[in-house]
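A short worksheet on the structure shown next.
The values are calculated or read from the model by the stated rules, or taken from the named source; none is laboratory data. What you see is a predicted model, and the numbers here were worked out from it, not measured in a lab. Positions of Cβ are generated from backbone atoms using ideal geometry, with glycine treated the same way; all protein chains shown enter the neighbour counts.
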Amino acid sequence: MVLRPVTTVAGGVKRPRDPNTLSNYYNFVTTHITANLEIDFEKKVLVGGVVLKFKSVSDAESDEIVLDSRYVYYFSCGVLFNL
């Protein structure tokens, strides 16, 4: 039997920690996603941009957001704070 660490997320829900990621998704909830993508069927790629808005659920204990980026090629990344 395999036991996985349990993570408490927003609303007190307890879920098993995903062992396949180094991200800290359990400290944040996504509040909004805006995607502007173009599909290149010949090259089999998506090109465009995505804006993610997050809200901390860890009482501001996290000072960084770690996202999975395996098999994702990106050219720039920025952070805007809406305090």
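For residue 80, indicate whether it is farther than 24 Å from residue 18 by Cβ and in a loop (DSSP other than H, G, I, E, B). For residue 80, the condition - farther than 24 Å from residue 18 by Cβ and in a loop (DSSP other than H, G, I, E, B) - is met.
Scan region 45-66 for residues that are at pLDDT 80 or above, touching a strand residue (DSSP E or B) at 6+ places or on another chain (Cβ under 8 Å) and part of a loop (DSSP other than H, G, I, E, B) and jot them down. Within region 45-66, 57, 58, 65 meet the criteria. Filtering region 22-52 to residues that are surrounded by fewer than 13 Cβ atoms within 10 Å (Cβ to Cβ) and either among the small types (Gly, Ala, Ser) or under 15 Å from residue 66 (Cβ atoms) (or both) leaves 22, 30, 35, 48, 49.
Only one entry of 42, 38 meets the criterion of being assigned to a strand (DSSP E or B), over 16 Å from the mean Cα position of the chain (by Cα) and modelled with pLDDT of 75 or more, and that entry is 38.
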